[in-house]
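Input: a single structure, listed below in structure tokens.
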Amino acid sequence: MKKYHLMAPGPTPVPPSVLQAMAQPILHHRTPEFEAIFAEVRKDLRTLFQTNSDVLLLAASGTGGMEAAVVNLCSPGERVLAIAAGKFGERWGGICRAFGLDVVAQKAPYGHAVTPEALEETLRAHPGVRSIFCTHSETSTGVLMDIKGFAEVAHRHEALLVVDAVSSLAAAELLMDTWGLDVVVTGSQKGLMLPPGLALVGLGPRGWERAKEARLPKYYWNLLEERKIQAKNQVLYTPAVSLVVGLREALRLLLAEGLTNVIRRHDRLARATRAGAEALGLELFAKATPSPAVTAICAPPGIDGEAIVAAYSQAHNITIAGGQGEMKGKIFRLAHLGYVGDFDILTGLAALEMILKGFGVPVDLGAALRAAEKVFADER
Ligand code: PMP
């Protein structure tokens, strides 16, 4: 028997008390019991998103939440801007094009970030952009982008800012109201420490105003209708009942730890992971601000990144993530997202040392662990 460890940037491990909450007999959603749970969840979600606006729950993966944002904000043929420095930013462009929108693409090479200055220039060159779609933590490259800076630029140009916070919410600081983020989308299987299946979409006042005029077709994703009914602690269609019950417990855990502490924990775990990788002479893929959710590491020369991912699985029963698209084989990704502590990081780094040694790389066994432990020991 080899004990299993899940170290991918989603789905992430689920805490035992959340698993237990979800194992209770199914509640019917049109009951006072469910409505009381839903009310608590709605209140705590506002705290998590740092907003006074409604955060809606949808039965979907994160991409469903992204599509819901597009169809509720945009009208046929409208000009939008999609910021892409990785696979998930590219997904915004893909969704917008699928609905026939006039998409201006704002790109940066993989591993880099689009800057607010670059966004400003593009908006000057392409007037009439009504919504800007961006990614906070680009999970495919391990880069965190400056959404606060994007929001300032967007509003100067009278465009809405829509943020994919799928791998950043409950991992990186995100102040929806203070930073003026008009729409924030996330999924359950990341920082929220739940199984996949819930999308969460928060709209601020400008987002709701825009939703009233948006003419793209929709039926399941009618957020204005959803908002009316969710205000009564009900939902339009059958909700993912067990996930909502699990979410209540996950939110209790996160808020008991305190948002500031949750963010500090992720930052500390990320720094320890990076220190460990660098102590082995490995290059980090992120050339801009690294994500606190996931560390993308370049495979050493001559070694296939996919072989490292396979060795994690086969030799150690650990699931990590490889590279996506053209990054496949070139990088591997160690996550530190959600229900993760110091010793998970040490496990992942210890396995890395042994895997590289197995591939014939000269490794000073323990070097990554020493570097990570130093981060942990210096900051209790
Ligand atoms: N955006 C980001 C930043 C992600 O990390 C993911 C999932 N890896 C998604 C969007 C898509 O979410 P889902 O797979 O839940 O549809």
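The values are calculated or read from the model by the stated rules, or taken from the named source; none is laboratory data. Because the structure is a prediction, the values reported are computed rather than measured. Counting neighbours? That spans all protein chains shown, and the Cβs are built from the backbone with ideal geometry, glycine included. Surface accessibility is based on the protein's heavy atoms, side chains included, excluding ligands, DNA and RNA. Shrake-Rupley method; radii C 1.70, N 1.55, O 1.52, S 1.80 Å.
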> Between 64, 52, 4, whose Cα lies farthest towards the positive end of the dipole of region 1-141 when Lys and Arg beta carbons carry +1 and Asp and Glu beta carbons carry -1, centred on the Cα centre?
Replying inline: 4
>> Can you give me the distance in nm between label points at residue 364 and residue 178, each placed 7 Å from the Cα along the Cα-to-Cβ direction?
In response: 4.1
> Could you give the distance between the Cα centres of region 337-380 and region 156-210, to the whole Å?
Replying inline: 32
>> Looking only at the chain, where both bridge partners belong to it, what percent of the DSSP beta bridges are antiparallel (to the nearest 5)?
In response: 50
> Which residues make up the longest stretch of the chain clear of chymotrypsin sites (Phe, Trp or Tyr not before Pro) that lie in a DSSP loop with no more than 16 other Cβ atoms within 10 Å, not counting the sites?
Replying inline: 5-218
> Ignoring ligands, DNA and RNA, what accessible area per residue does the chain give at 1.4 Å, in Å²?
Replying inline: 40
>> Could you give the length gained by full extension between residue 354 and residue 102, i.e. 0.36 nm per residue of separation minus their alpha carbon distance, to one decimal place?
In response: 85.8 nm
> Shape call for region 141-248 from the C-alpha gyration tensor, a ≥ b ≥ c root eigenvalues: rounded (a/c under 1.5), prolate (a/b greater than b/c) or oblate?
Replying inline: oblate
> Can you give the Kirkwood hydrodynamic radius for region 89-188, in Å, rounded to one decimal and based on Cα pairs?
Replying inline: 13.7
> Under a GNM of the chain (C-alpha, springs under 10 Å), which listed residue has the highest mean-square fluctuation: 281, 302, 89?
Replying inline: 302
> For region 84-136, what does the alpha-carbon gyration tensor say about shape, rounded, prolate or oblate, given a ≥ b ≥ c as the root eigenvalues, a/c under 1.5 as rounded, and a/b over b/c as prolate?
Replying inline: oblate
>> With the crude spin-label approximation of a point 7 Å out along Cα→Cβ, what separation in nm comes out for residue 319 versus residue 117?
In response: 4.2
> Taking springs between alpha-carbon atoms closer than 10 angstrom, which of 211, 256, 154 fluctuates most in the Gaussian network model of the chain?
Replying inline: 256
>> What FRET efficiency comes out for residue 27 versus residue 219 if R0 is 30 angstrom and r is the Cβ-Cβ distance? Round to the nearest 0.05.
In response: 0.70
>> Could you tell me which residue out of 108, 229, 93 lies farthest along the dipole of region 16-257 toward its positive end? Charges go on the beta carbon: Lys and Arg +1, Asp and Glu -1, centred on the Cα centre.
In response: 229
> Cα-Cα over 22 Å: which of 190/330; 43/228; 3/374; 287/328; 148/218; 87/328?
Replying inline: 190/330; 3/374; 148/218
>> Please compute the Kirkwood hydrodynamic radius over region 259-378, one decimal place, Å, based on all pairs of different Cα atoms.
In response: 14.2
>> Helix 342-358 against the longest principal axis of the chain: what's the angle in degrees, Cα atoms only, rounded to the nearest 10?
In response: 50
> Rounded to the nearest 500 deg cm²/dmol, what is the calculated helix-only ellipticity per residue at 222 nm for the chain, with -39500 (n - 2.57) per DSSP H run of length n ≥ 4?
Replying inline: -14000 deg cm²/dmol
> When the accessible area of the chain is split by element with a 1.4 Å probe, what percent falls to carbon and sulfur?
Replying inline: 54
>> Can you give me the orientation-averaged projected area of the convex hull built on the Cα atoms of the chain, in nm²?
In response: 18.6
> Among 364, 177, 146, which one shows the biggest mean-square fluctuation in a GNM of the chain, springs joining Cα atoms closer than 10 Å?
Replying inline: 364
> If you take the C-alpha gyration tensor of region 196-295, multiply each eigenvalue by 5 and take the square root, what semi-axes do you get, largest first, in whole Å?
Replying inline: 37, 20, 13
> Extension gain residue 209-residue 2, at 0.36 nm per residue separation less the Cα-Cα distance, in nm?
Replying inline: 69.2 nm
